[in-house]
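Please treat every number below as a calculation from the coordinates, not as lab data. None of these values were measured; they are calculated from a predicted model. Neighbour counts are summed over all protein chains in view; Cβ atoms, including those assigned to glycine, are modelled from backbone coordinates with ideal geometry.
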Amino acid sequence: MEQKKIILTGDRPTGKLHIGHYVGSLRRRVELQNSGLYDKIFIFEADGQALTDNIDDPEKVRQNVIEVALDYLACGIDPAKSTIFIQSQIPELCELTFYFMDLVTVSRLQRNPTVKTEIQMRNFETSIPVGFFTYPISQAADITAFKATTVPVGEDQEPMLEQAREIVRRFNYIYGDTLVEPEILLPDNAACLRLPGTDGKAKMSKSLGNCIYLSDSADEVEKKIRSMYTDPDHLKVSDPGKVEGNTVFTYLDAFSRPEHFCRYLPDYANLDELKAHYRRGGLGDVKVKKFLSAVMQEELEPIRTRRKEFEQDIPAVYDMLKKGCEVAREAAAETLSEVRRAMKINYFDDEELIAGQAERFRTK
Ligand code: ATP
Ligand code: MG
């Protein structure tokens, strides 16, 4: 039987989604969804994972569940083609996490580079919540419960995927072929792997407050672009400028296409020409930022408009989520029953076991 092609990916409802999510994963998800090449697509809000480092602020997570759902719909995730669900509503995921915990060592988790940086970023010092520390295990459960083959995510998720693959291999080795090894699908454009923040910091992240949100108004986007980090040594227009590490150019790498130049900056044929001029000197930041703004507004405007439409019927959005949870739960339950059988903890639905034990005690 040919293996089904299944996508699973998600986001933490810790804030509204930003353009880093968009170029790192969301834009790709919509393309994959509409390609018709996948048998099933699961997109979920990792509220349980969001609580691991927001345990004292449940209201934040609750509020953002609806915000993220609106962002999904606004970007073109279509509930008729993709199942959108909420992690906490699928108890099977906790169960699978519990079994997976025995397949991973503490030292292996400690080596996970993403967890290391995230722990530093959050100033946990020595009081790291166990749930946060072990979230790569729960993420492996999220992926494997749906037998996902393809996981479209940003670069920071690479260690998580590797961890999930190891767990699958170990599980299947011990208990027999049951789970599917997932493949990571990274953006093919280098600028999108890990989009920097507007402050030039390594990653745009909800937790760092350096984001352009998909739901920001045109004015807010404009303002954020105007105050963006560029090349600190490019003081006068005539100075030669650096393109590498210059966030405005990274965003152009992520968003601009040749047709944008015809529309908004016809003096240049493409981004390479613009970069060459900036490097030579004689091109001011303001002009480049104006161009970036035009390019981004073109992409963000339809998303904003669609979001406004979905905002008109919030109960319908909750209803869509509820239905998604039901579909997802069914899929996860199926995998869990296979897992329990493989792990020999399916006592009551295993007639052979009962008959065999009866026989053993009869002949004792
Ligand atoms: P938090 O700070 O709460 O962890 P986050 O902004 O890192 O939030 P996540 O929900 O952890 O967002 O990530 C969701 C998805 O978006 C993941 O696939 C991740 O790789 C991708 N992603 C997040 N930030 C970026 C970014 N700056 N560039 C590219 N992809 C990103
Ligand atoms: Mg994150």
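Miscellaneous remarks
- Peptides 45-52, 274-281 ranked from most to least packed by the mean count of surrounding Cβ atoms within 10 Å: 45-52, 274-281.
- Between the listed residues 104, 85, 135, the Cα displaced farthest toward the positive end of the dipole of the stretch 80-178, a dipole computed from Cβ unit charges relative to the Cα centre, is found at 104.
- Translational diffusion of the stretch 311-364, estimated by Stokes-Einstein from the Kirkwood radius over alpha carbon pairs at 10 °C in a medium of 1.306 mPa s, is 110 µm² per second.
- 0 to 90° range, to nearest 10: angle between helix 91-100 axis and the chain longest Cα axis: 80 degrees
- Computed FRET value (nearest 0.05) for residue 101 with residue 237, which takes r as the C-beta separation and R₀ as 51 Å: 0.30
- Two-decimal Rg/Rh across the stretch 218-310, once Rg and the Kirkwood Rh are taken from alpha-carbon atoms: 1.00
- Size descriptor for the chain, Kirkwood hydrodynamic radius: 22.5 Å (Cα pairs only, one decimal).
- Relative to the dominant Cα principal axis of the chain, helix 285-311 is inclined by about 40°.
- Counting only DSSP H runs of at least 4 residues, each contributing -39500 (n - 2.57), and dividing by the residue count of the chain, the helix-based mean residue ellipticity at 222 nm comes to -16500 deg cm²/dmol.
- Each residue of the stretch 171-180 was assigned a 3J(HN,Hα) from its phi angle through the Karplus curve 6.51 cos²θ - 1.76 cosθ + 1.60 (θ = phi - 60°); the sequence is 4, 5, 5, 6, 9, x, 4, 9, 9, 9 Hz, with glycine and proline shown as x.
- Kirkwood-Stokes translational diffusion coefficient of the stretch 1-131, alpha-carbon pairs, 37 °C, 0.692 mPa s, µm²/s: 198 µm²/s
- Of all DSSP-defined beta bridges confined to the chain, some 5% are antiparallel rather than parallel.
- Highest-MSF residue in the chain out of 80, 294, 191 [GNM, Cα springs under 10 Å]: 80
- Tail fraction, Cα-Cα pairs, the stretch 139-271, threshold 27 Å, whole percent: 40 percent
- If R0 equals 45 Å, the separation of the Cβ atoms of residue 34 and residue 124 corresponds to a calculated FRET efficiency of about 0.65.
- At 1.002 mPa s and 20 °C, Stokes diffusion of the stretch 75-210 via Kirkwood alpha-carbon radius, µm² per second: 130 µm²/s
- Spatial extent of the stretch 185-249: Rg and Dmax, with the Cα atoms as the point set, Å: 13.2, 42
- Rounded FRET efficiency, nearest 0.05, which uses the C-beta distance separating residue 172 from residue 117 and R0 of 30 Å: 0.50
- Electrostatic tally near residue 285: other residues with Cβ closer than 10 Å to its Cβ, Lys and Arg +1, Asp and Glu -1, net +3.
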